[in-house]
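Notes for the one structure printed next.
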Amino acid sequence: MQSLKVSIFDYPGEAGDAGYVYKPPVKSATLEEAVIVRKGTQAGNSTVDLIFTDADGNKYVAMITGNLLKALPL
């Protein structure tokens, strides 16, 4: 990946108004675990997989790589 589009909003409603599927009510989730996978990408790079659980017991995973973090305009 050479670039990453980043959109920044102050409120969830603004993201929804911009066309993102992120409209209230926003369901909260608790970060339960971080799993480090040393060779998590096809290229053999490490990933950090964040595992979230919501109040209904549904689990969600967000994978972060170093390249993704470098692409964020901080």
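No lab work stands behind these numbers, since they all come straight from the coordinates. No experiment lies behind these values; they were computed from the predicted model shown.
Of note:
- Comparing 18, 62, 34 in a Gaussian network model of the chain, where Cα atoms under 10 Å apart are tied by springs, the biggest mean-square fluctuation is seen for 18.
- Backbone geometry of the stretch 43-58 corresponds, through the Karplus equation with coefficients 6.51, -1.76 and 1.60 at θ = phi - 60°, to 3J(HN,Hα) couplings of 7, x, 8, 6, 10, 10, 9, 9, 9, 10, 10, 8, 5, 8, x, 6 Hz, x marking Gly and Pro.
- Shape call, the chain: gyration tensor on alpha carbons, a/c limit 1.5: oblate
- Comparing 21, 37, 61 in a Gaussian network model of the chain, where Cα atoms under 10 Å apart are tied by springs, the biggest mean-square fluctuation is seen for 21.
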